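The values are calculated or read from the model by the stated rules, or taken from the named source; none is laboratory data. All values reported here derive from a predicted model rather than from experimental measurement. Glycine gets a Cβ as well: all are built from the backbone with ideal geometry, and neighbour counts include every protein chain shown.
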Amino acid sequence: MLGELSEREREEVLTMAKLHPEIQDELDQIEEAMFNFDNLSGPAPSDEVKNKIFASLEEDFAPQNQERKISPVPVAESQTIIAKLNPWKTYTVAASLVAFLAIGAAIFYANKYTTVESQLTALVQQNTQLAEDLQTNQVKMESLDIQMDQLLSGNFERVFMKGEGLPTQEDARVDVFWDRNSQEVLLSVNILAALDSESDYQLWAIGADGPVGIGIVNPEDKLTLQAMQDAGDAAAFAITIEPKGGSVKPNLEKLVVLGEV
C-alpha cells in the first residue's frame, strides 16, 4: 500500500502514524490483510524475503536525521491521507446514501402514481355518468318536442291543479292539458312527493256521471307530458293516492290536487 504513494506522501503517512494511533492501526490491518492474501494466493515467503520486508519497514519508520523535528500535518491533509489508506469506506457510505435516496424516490413516485390513478378512475366514472345523463336528457328533449308539437297542433285547455287548502300535500303542483274535441288528456308533474311501493297517484276526470279514473301518474317523471286516457266530459280533474294499480272509486281522504276546467 505504501508503495503506491509518492515519497512525500509516504513520509506524511509515517509521520501521521506516529502522531495518530488510529493511522498506525490502519497500517497494521493493511499489512495483516496483505500477508493473509499472500498466504491464500501463493506459497509462504522465505525467511530472507521476510527479513527484507521488515528491514524496508524499519527504514521507512527510522528517522533519517536525529535532529529532524516532526511537524504537525493539517487536519484536512490528514483526512485525505486516511481516505487514501482506506477508500472503500467512503465508497460504501456514498453507495448507501444513493440507495437510500433511490428507495425514497421510488416510494414517493409510487404514491404519486397511485393517487393519479385513483383520480383518473374517478374522472372516467364521472364522465361516463355525464354521458349517460346527457343521452337520457336528449331522449327526454326529443320526446318533449314531439309532445309539444302534439300540444300545439290541438286545441288543449290548461287546467291548473294545486294542493292548496288540502291536508295531504299543500305544495303539490300538476298541470292537465285537455282537448275537448279529441278528448286527449296530457299531464305534467311540477311537484309531487314520492310514495311508498304500495301506493300510486291516480288521475280522475270529474263529470256529470261522477269521477272516472283515467290513468296512473308517475311523480318522478317531472316537466314532461304524460299521456292519460281520453276524457269526453270533465268539469274538473283531481289526483288521489290509491293502492298500487289504482282503484275504481277515489279515496277522497287522500285527495292531493284539484283543478276546475
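Annotations for the structure displayed:
- Evaluated against (1) under 52 Å from the mean Cα position of the chain (by Cα); (2) closer than 16 Å to Glu260 by Cα; (3) not β-branched (Val, Ile, Thr), Asp179 falls short on exactly one condition, (1).
- Condition met for Val256 (in a strand (DSSP E or B), surrounded by 15 or more Cβ atoms within 10 Å (Cβ to Cβ) and under 48 Å from the mean Cα position of the chain (by Cα)): yes
- Filtered residue count, the range 209-250, keeping only those that are touching an Asp or Glu at 6+ places or on another chain (Cβ under 6 Å) and surrounded by fewer than 13 Cβ atoms within 10 Å (Cβ to Cβ): 1
- Top-ranked residue of the range 186-204 - restricted to ones that are touching a Phe, Trp or Tyr at 6+ places or on another chain (Cβ under 8 Å) and modelled with pLDDT under 95, ranked as surrounded by the fewest Cβ atoms within 10 Å (Cβ to Cβ): Leu195
- Test: residue in the range 184-201 that is in the same structural domain as Gln169 (by TED's automatic domain parsing) and on the phi > 0 side of the Ramachandran plot: no
- Top-ranked residue of the range 207-225 - restricted to ones that are in a loop (DSSP other than H, G, I, E, B) and hydrophobic (A, V, I, L, M, F, W, C), ranked as farthest from the chain's Cα centre (by Cα): Ala208
- Scan the range 226-253 for residues that are within 14 Å of Ser188 (Cα to Cα) and either part of a strand (DSSP E or B) or not assigned by TED's automatic domain parsing to the domain that holds Ile206 (or both) and the total you get is 5.
- Between Gly163, Gly154, the distinction of being within 16 Å of Gly232 (Cβ to Cβ), modelled with pLDDT under 90 and touching a strand residue (DSSP E or B) at 6+ places or on another chain (Cβ under 8 Å) belongs to Gly154 only.
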